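Please treat every number below as a calculation from the coordinates, not as lab data. On a predicted model such as this, the values are computed, not experimentally measured, just so you know. So basically every Cβ, Gly included, is an ideal-geometry build from the backbone, and we count neighbours across all protein chains shown.
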Amino acid sequence: MAKAARIVAASPAARHSNSSIRDRVASRLAKQILSGHYPQGALLPTEAALGAEFKVSRTALREAVRTLAAKGLVESRQRAGTRVRASEDWNRLDTDVLTWMGEIEPDLDFVKGLTEARQIIEPAAAEMAARRATSRNLAAIEEAYDAMCAAKLSDLDACARADVAFHVAILRASRNPVLANLGNVIGAALMNAFRLTTSASVNYRKTLAAHGEVFEAIRMRDATVARNRMQALLGIATEDLMRIADAGSAAPKRGGKRSA
């Protein structure tokens, strides 16, 4: 009777090491794609070339590519190689993709799209919050607003964190489970957007005042005014984005060829 083959399971440390290598390679490659280093439609270098660049095995590289394929960034075909997909196929609201986007220069086109989506969603959320917010919800909005007022304009991260907390608190105060979860998902995207708009704002006091007016309308349970004031607040963000574009200081488009 033949001896049964012994199967030795990988140790937890080995599994952790393999996943860490995969995650590191996936992160680096994703940021190269998101930044436009590898444009939409471009073929990635061969496995041998990428393996040499990242100093990893083909197995680790293939796992990283599978991770990116699952997020819509690339597609692999036998004998055709791995190609960068069109940006509209990218799952930009995936938590990993949002994290990678936060580690490179902001994509102005995506921020514009996010602002347009917010103009549809957030006024309705503010209106719902005025009707439904609990005392705990109101306290969270007020705490975030106070943090905005306390943050120094020179500290863009502090300003952005407080701004994100303010808007996420309003989404949660809507007491709508879909909107509440949306705040959790897009927090990283909002952080990038607020870094742009805060740095571009010509009158941060005006922006602070607009946030205070939204909070006051919600606190006073005036749903119509809350909706209108949120629309006005988002209008300021749109003006700031257009100022960046008009000044020519926007980051190059992602996933496509850089303009001259």
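Packing-based ranking of 28-38, 218-228, 70-80 yields 28-38, 218-228, 70-80, ordered from highest to lowest mean Cβ neighbour count within 10 Å. Volume per residue of the convex hull around the Cα atoms, evaluated for segment 95-173, comes out as 106 Å³. Give me the net charge for the shell around Arg175: Cβ to Cβ below 14 angstrom, other residues only, Lys and Arg +1, Asp and Glu -1. Result for the local shell: +4.
Positive-end ranking of Thr99, Leu29, Thr115 along the dipole of segment 29-134, with charges on Cβ about the Cα centre, is headed by Leu29.
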